[in-house]
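Written below as structure tokens is the structure these notes are about.
The values are calculated or read from the model by the stated rules, or taken from the named source; none is laboratory data. As the structure is a prediction and not an experimental result, all values here were calculated from the model. Counting neighbours? That spans all protein chains shown, and the Cβs are built from the backbone with ideal geometry, glycine included.
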Amino acid sequence: MEFSEVVRTRRMTRSFAKTPVPREILRNCVDLASRAPSAGKTQGWSLLVLEGDKTQQFWDATLPVKRRATFAWPHLLDAPVIALPFADPDAYATRYSQPDKAKSDLGEIGKWPTPYWTIDTSFAIMTFLHATHDAGLAALFFAVFGGADELRLALGVPQSMQLLGAIATGYAGPPSKKGVSATQPRRKPDEIIKWNQW
């Protein structure tokens with residue numbers, strides 16, 4: 001697909017087939033995501049990928065069985081891959097302590113006016129979502145509101161790593177109802193742009 005087509009046709013998907021996704025496809029998507037902008041080329045993010053039966057560990061922690069009977073998107077739980085993007089603040093403090101960056105005085109996390117580890121990981125997530133779409137996969141990025149501490153402990157994730165959310169991906173499943181947010185109109189460029197002055 002042309003880039004403009006990838007951007008214009010990508011949608012969040014809440015229904016998946018159980019068909020496994022070849023690891024090589026996921027590797028290619030991560031390779032593209034790794035090319036997103038990164039402060040100091042720190043690349044301080046990791047993707048914890050749960051496949052097949054391991055995805056159940058995610059759902060058990062974040063969506064208890066007693067809540068599943070009324071869950072609006074049951075085929076979301078069929079996604080064969082749940083990818084968890086983590087940002088590493090310490091990587092940025094370390095990178096900006098190196099000789100070529102030391103003058104910035106950003107060698108400590110508390111000195112950063114903006115958390116670039118969150119920004120850079122967000123860039124990578126968006127690139128990953130475009131890459132999965134271009135590869136013929138469906139995907140959904142969503143927040144992890146509950147069970148994150150339990151999940152972190154079960155998966156051995158260091159406390160210093162910042163979880164930004166979860167990405168379900170795989171091949172699209174049966175049609176599902178759209179989320180309420182889908183009805184919101186998309187803002188036009190001239191509603192977004194402030195030319196030369198606020």
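Looking only at residues in segment 152-198 that are in a helix (DSSP H, G or I) and polar (S, T, N, Q), which one is nearest to residue 78 (Cα to Cα)? Give the derivation first.
Our first condition is that a residue be in a helix (DSSP H, G or I); within segment 152-198, this holds for 152-155, 180-183, 189-192.
Filter once more, keeping what is polar (S, T, N, Q): 181, 183.
On the way: 181: 22, 183: 25 Å.
My answer is 181.
Consider segment 1-59 and keep the residues that are out of contact with any Leu (no Cβ under 9 Å at 6 or more places or on another chain) and acidic (Asp, Glu). The one that is farthest from residue 149 (Cα to Cα) is 2. Only helices (runs of 4 or more DSSP H) wholly contained in segment 1-114 count here; list those with 1 or more residues that are modelled with pLDDT of 95 or more and in contact with a His (Cβ under 6 Å, 6 or more places away or on another chain). Qualifying helices (runs of 4 or more DSSP H): 3-9.
If you go through segment 156-170 and keep only what is surrounded by 13 or more Cβ atoms within 10 Å (Cβ to Cβ) and either under 13 Å from residue 59 (Cα atoms) or small (Gly, Ala, Ser) (or both), you end up with 165, 166, 167, 168, 170. The residues of segment 15-58 that are free of Cβ contacts under 8 Å to residues at least 40 places away in the same chain and more than 25 Å from residue 162 (Cβ to Cβ), listed by number, are 22, 23, 24, 52, 53.
Name the residues in segment 24-37 that are over 14 Å from the mean Cα position of the chain (by Cα) and either within 19 Å of residue 86 (Cα to Cα) or surrounded by 12 or more Cβ atoms within 10 Å (Cβ to Cβ) (or both), would you?
Taking segment 24-37 first, the residues over 14 Å from the mean Cα position of the chain (by Cα) are 24-25, 27-28, 31, 35, 37.
25, 27, 28, 31, 35, 37, listed by residue number.
Taken over segment 131-151, the criterion of being at pLDDT below 95 and either in a helix (DSSP H, G or I) or more than 16 Å from the chain's Cα centre (by Cα) (or both) is satisfied by 146, 147, 148, 149, 150, 151.
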